[in-house]
Amino acid sequence: MNQFDVRVAGAKGDSASDDTVVFQKMIDLAAKCEGTVIVPPGHYRVGQLKVHSNVGIVGHPSYSWKGAAGSVLELNDPNATCLLDLTLAIGARISGICLDGRGLGKGIHGILVDKDDFGETEDSPLIEGSKVTKFSGDGVHLNRIWCFRIRGSMLSENDGNGLSVQGYDGFILDNWISFNKGSGYASIGDGENNAVTITGNRIEWNREGGICILNGSRYNITGNYIDRCGPGIRFERTHGAASDPNSIIERTGYSTITGNVIYRSGRPEWSCGREWASAHLVLRGVQGVAVTGNTMVVGRDDTNNEGSFGYSAEPNWSPEYGMILEKLSNVIIKDNTLDSGATKTLIRDGKNHRSGVIIGDNVGDLFGSPLT
């Protein structure tokens with residue numbers, strides 16, 4: 001037997017009883033046989049759980065956009081570091097689970113990997129068909145991760161980022177990453193975030209940005225829909241020159257940004273004087289990047305002044321800038337469309353480029369320009 005049903009083991013799932021002990025016992029038993037913890041529908045109150053290698057936690061995914069439903073793990077400890085700790089869990093699988101942080105505590109993450117170094121073995125976690133919501137930290141926080149997959153999941157309404165990564169070799173596919181107070185996707189660390197594919201995601205209403213990559217390289221950002229994030233995509237080198245001038249590892253860039261739709265980026269209330277926050281695309285200090293075939297367009301809020309759905313009485317159009325560019329090297333920005341692409345400037349080119357920069361055939365006009 002390698003399947004362990006938490007209900008059979010005595011978990012109540014009544015949104016009142018503390019089911020932590022039962023869950024941890026089932027996880028520990030599953031670790032002895034590379035087994036799976038089965039979580040039938042219910043609302044299970046639990047504290048921090050330590051997941052082991054080659055263990056699956058599998059539930060019934062019937063959550064909705066605004067609701068926590070199906071197999072729900074509800075955090076009950078405001079002093080926890082996270083709800084699911086995958087730090088030492090090589091090859092773990094989280095499938096069909098809704099994690100609800102309930103806004104408890106401060107800086108508590110939904111799913112956490114937090115290692116001192118990358119180690120010698122690929123971590124290889126799979127997070128699929130799951131919802132991670134209302135945590136006081138990040139929805140998913142992966143610090144020094146090596147090989148990971150997140151697909152078909154919802155990371156929403158967290159006080160930090162939807163997904164934070166310092167690591168390598170990741171696939172982020174077909175997710176809904178929305179309404180986080182930080183960024184939808186954020187690289188963390190200083191240059192140790194590389195070789196990540198971000199494809200086919202809906203990334204919307206993330207205050208600090210849709211996709212924010214600082215000091216990273218080798219990203220494939222393709223076919224995403226990015227809506228009302230400030231900014232839509234930010235790719236920037238913030239550290240100084242590489243300690244080794246010949247080191248490719250320490251450089252920022254070497255990426256493709258292709259075929260994305262970026263809509264109504266930024267919001268005046270979020271900018272806080274940061275000019276780059278009201279832009280579809282920010283590229284600064286990067287090299288070896290191709291930006292082609294993207295569509296960028298102005299939009300307005302679809303919430304009224306009271307926060308309910310319905311257009312505001314005072315239209316709130318954004319962003320001010322289509323693209324903000326500066327200090328680029330061997331970068332191509334070509335064949336993008338910015339029809340009604342910005343309210344102020346389509347392309348703000350700060351120049352100071354180093355070499356081999358092509359910016360051309362990006363058609364469009366400012367919002368409010370008459371049709372010709």
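The values are calculated or read from the model by the stated rules, or taken from the named source; none is laboratory data. From a predicted model like this one, the values you see are computed outputs, not experimental measurements. Don't worry about glycine lacking a Cβ; one is built from the backbone with ideal geometry, like all the others, and counts go over all protein chains shown. Note: areas computed on protein heavy atoms with side chains; ligands, DNA, RNA excluded. Shrake-Rupley method; radii C 1.70, N 1.55, O 1.52, S 1.80 Å.
Tallying residues that are open to solvent by 20 Å² or more (accessible area, probe 1.4 Å), within 18 Å of LEU75 (Cα to Cα) and not in a strand (DSSP E or B) within the stretch 8-42 yields 8. As a summary of the residue check, ILE188 satisfies the conditions (1) surrounded by fewer than 24 Cβ atoms within 10 Å (Cβ to Cβ); (2) out of contact with any His (no Cβ under 9 Å at 6 or more places or on another chain); (3) at pLDDT below 95 except for the one numbered (2).
Applying the criterion of being out of contact with any Asp or Glu (no Cβ under 9 Å at 6 or more places or on another chain) and open to solvent by less than 30 Å² (accessible area, probe 1.4 Å) to the residues of the stretch 129-170, the residue that is nearest to ASP77 (Cα to Cα) is VAL140. Scanning the stretch 240-257 for residues that are crowded, with 16+ Cβ neighbours inside 10 Å and over 18 Å from the mean Cα position of the chain (by Cα), we see that the one that is modelled with the lowest pLDDT is GLU250. Across the stretch 220-235, which residue is farthest from THR199 (Cα to Cα) among those that are open to solvent by 20 Å² or more (accessible area, probe 1.4 Å) and either in a strand (DSSP E or B) or at pLDDT below 95 (or both)? Ranking the candidates gives ARG234 first. You will find that of ILE347, ILE358, ILE333, the residue that is of a type outside the set (Gly, Ala, Ser) and more than 21 Å from ALA277 (Cβ to Cβ) is ILE358 and no other.
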